[in-house]
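Visitor: Structure provided below as structure tokens; questions to follow.
The values are calculated or read from the model by the stated rules, or taken from the named source; none is laboratory data. Worth saying up front: this structure is predicted, and the values here are computed from it rather than measured. Every residue, glycine among them, receives a Cβ derived from its backbone with ideal geometry; neighbour counts consider all protein chains shown.
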Amino acid sequence: MALPLALVTLRGDRVRLEPLSLDHTAGLLSAAAESRETFQYTWVPEPNESDVARYIESALGAHAAGTALPFATIRADTETVVGTTRFMSAEYWPSPDGKPSDSVRPNAIEIGSTWLAKSAQRTFVNTEAKLLMMTYAFEQLDVDRLFFKTDARNAASRANIERVGAKFEGVLRHNMYSVDGANDGYRDSAYYSVLFHEWPEAKAALLSRLRD
């Protein structure tokens, strides 16, 4: 089993990502209690303490298993928890001759399980959070590949992913259950990625967007 990813706080000018814990239960509950009209394709805990606590405990379990590193997304100006995101699906590739990886860094990792309170959507929050995470992934974890997936029907999410410089790879059909039960209960997921050599261009574009 892979070792848990090191806990780290990622600090930007206006956004802070700190390791998710049960101390964030009340903040995430408030974020989940805002308008939920944009959560059609995203699993977000119900706005009650027990459901939010289970959500956090599940994320912490994934961290302990070495596959994820979940964060609380915080607006620095108000110290308000406005959502959550995580590194997940960490991949440690075997060598070409089949020997298991002995690396402490993942070769590839996903940014996912991201949701924001309605009041934080279409603001600087997502852009700066993605800049922080992508910078850490490429410049600290030294990953070869960073990837994203979303419900193929979720046009808003797909547009957000494309805006951070990720390139569309294709649609994986019926690869998980759909949140809304549509498509016979299965979700088709659109996959996107940024490769190590593509990061400088993507980073420059993100920094430009934050300055606008």
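Visitor: Please enumerate the residues belonging to the stretch 79-104 that are at pLDDT 95 or above and over 14 Å from V143 (Cα atoms).
Guide: E79, T80, V81, V82, G83, T84, T85, R86
Visitor: Further, regarding this structure: Check L28, L10 and return the single one that is touching a helix residue (DSSP H, G or I) at 6+ places or on another chain (Cβ under 6 Å) and under 26 Å from M176 (Cα atoms).
Guide: L28
Visitor: Considering only residues that are under 18 Å from I109 (Cβ atoms), touching a helix residue (DSSP H, G or I) at 6+ places or on another chain (Cβ under 9 Å) and of a type in the set (G, A, S), look in the stretch 156-189 and name the one that is surrounded by the fewest Cβ atoms within 10 Å (Cβ to Cβ).
Guide: It comes out as G165.
Visitor: Can you name the number of the only condition in (1) farther than 27 Å from S58 by Cβ; (2) surrounded by 16 or more Cβ atoms within 10 Å (Cβ to Cβ) that D142 fails?
Guide: (2)
Visitor: Within the stretch 1-48, can you find the residues that are among the acidic types (D, E) and either in a loop (DSSP other than H, G, I, E, B) or surrounded by 13 or more Cβ atoms within 10 Å (Cβ to Cβ) (or both)? Walk me through how you get there before you give the answer.
Guide: Residues of the stretch 1-48 among the acidic types (D, E): 13, 18, 23, 34, 37, 46.
Scanning the stretch 1-48 gives D13, E18, E34, E37, E46.
Visitor: Any residue that is surrounded by fewer than 19 Cβ atoms within 10 Å (Cβ to Cβ) and on the phi > 0 side of the Ramachandran plot - is there at least one of those in the stretch 113-129?
Guide: Yes, some residue in the stretch 113-129 is surrounded by fewer than 19 Cβ atoms within 10 Å (Cβ to Cβ) and on the phi > 0 side of the Ramachandran plot.
Visitor: Quick check, is V104 crowded, with 16+ Cβ neighbours inside 10 Å, more than 12 Å from the chain's Cα centre (by Cα) and closer than 22 Å to L60 by Cα? Don't jump to the end; show me each part of the working.
Guide: Working: crowded, with 16+ Cβ neighbours inside 10 Å: no; more than 12 Å from the chain's Cα centre (by Cα): yes; closer than 22 Å to L60 by Cα: yes.
So V104 fails the test.
Visitor: With over 19 Å from M88 (Cβ atoms) and assigned to a helix (DSSP H, G or I) as the only criterion, which of A62, A53 stands out? Can you show your working first?
Guide: Details: A62 fails: over 19 Å from M88 (Cβ atoms).
After applying the criteria, what remains is A53.
Visitor: Let me confirm something: among V8, V52, which residue is of a type in the set (A, V, I, L, M) and in contact (Cβ under 8 Å) with a residue 40 or more places away in the chain?
Guide: V8 is the lone residue from the list that is of a type in the set (A, V, I, L, M) and in contact (Cβ under 8 Å) with a residue 40 or more places away in the chain.
Visitor: A further question follows. Quick check on the stretch 55-71. Is at least one of its residues of a type outside the set (D, E) and within 16 Å of V125 (Cα to Cα)?
Guide: Within the stretch 55-71, one or more residues are of a type outside the set (D, E) and within 16 Å of V125 (Cα to Cα).
Visitor: Failed condition for G98, given (1) out of contact with any Asp or Glu (no Cβ under 6 Å at 6 or more places or on another chain); (2) more than 26 Å from Y186 (Cα to Cα); (3) touching a residue at least 12 places away in the same chain (Cβ under 8 Å); (4) of a type outside the set (K, R), with all others met?
Guide: (3)
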